[in-house]
Amino acid sequence: MVKGKGRPGAEEVKSSDWIEQRKVGNNLAVKALRMSLGPGESEAIILADECRADFLILDDLKARQTAEELGLSVVGTVAVLKKAWEKKMIQSFEAALTDLDNAGFRFSLQ
């Protein structure tokens, strides 16, 4: 994880034993998606498809629509936080949303 170095959560991601780093196999598909999406979203979508992921966490509307058109199940960050709160993995859903907002993360509760 080079690009995220120094960002919030970077050390936790780097030291986690449950997060895997994988390379995309179909670079041509990534390039095709990059015509309308960012590099991160493009790679995430193709990798999720290649790995037959149960779901993909995406927040960008265009990326979500593209992933869903490809038959992938998509959830957003807010939904992940809500599920974590329901499972008592975080103490406060509202505090997590406030932290996201304070970090400049744009989201809708709809």
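Odds and ends about this structure:
- Flag if Val80 is within 15 Å of Ser108 (Cα to Cα) and under 15 Å from the mean Cα position of the chain (by Cα): yes
- Residue pairs whose Cβ atoms lie under 9 Å apart, sitting 6 or more positions apart in sequence or on different chains, and linking a residue in segment 84-105 that is surrounded by 10 or more Cβ atoms within 10 Å (Cβ to Cβ) to a partner that is part of a loop (DSSP other than H, G, I, E, B) and modelled with pLDDT of 90 or more, are Ala84/Ile90; Trp85/Gln91; Trp85/Ser92; Ala96/Ile90; Thr98/Ser92; Phe105/Asp59.
- Residue list for segment 46-61, restricted to those being surrounded by 15 or more Cβ atoms within 10 Å (Cβ to Cβ) and not in a loop (DSSP other than H, G, I, E, B): Ile46, Leu47, Ala48, Asp49, Leu56
- Scope segment 1-41; condition touching a Ser or Thr at 6+ places or on another chain (Cβ under 6 Å) and either at positive phi or part of a loop (DSSP other than H, G, I, E, B) (or both); matching residues: Arg34
- Leading residue by the ranking (surrounded by the fewest Cβ atoms within 10 Å (Cβ to Cβ)) among those in segment 68-83 that are in contact with a Phe, Trp or Tyr (Cβ under 8 Å, 6 or more places away or on another chain) and in contact (Cβ under 8 Å) with a residue 12 or more places away in the chain: Ser73
- Candidates in segment 44-77 are the residues that are within 18 Å of Phe105 (Cα to Cα) and of a type in the set (Gly, Ala, Ser); of these, the one that is modelled with the lowest pLDDT is Gly76.
- Any chance Glu41 is closer than 24 Å to Leu109 by Cα, more than 15 Å from the chain's Cα centre (by Cα) and at pLDDT 95 or above: no
- Scoring Arg64 on the criteria (1) surrounded by 14 or more Cβ atoms within 10 Å (Cβ to Cβ); (2) within 19 Å of Gly9 (Cα to Cα) leaves a single failure, condition (2).
The values are calculated or read from the model by the stated rules, or taken from the named source; none is laboratory data. No experiment lies behind these values; they were computed from the predicted model shown. Please note: Cβ atoms are built from the backbone with ideal geometry, for glycine as well, and neighbour counts cover all protein chains shown.
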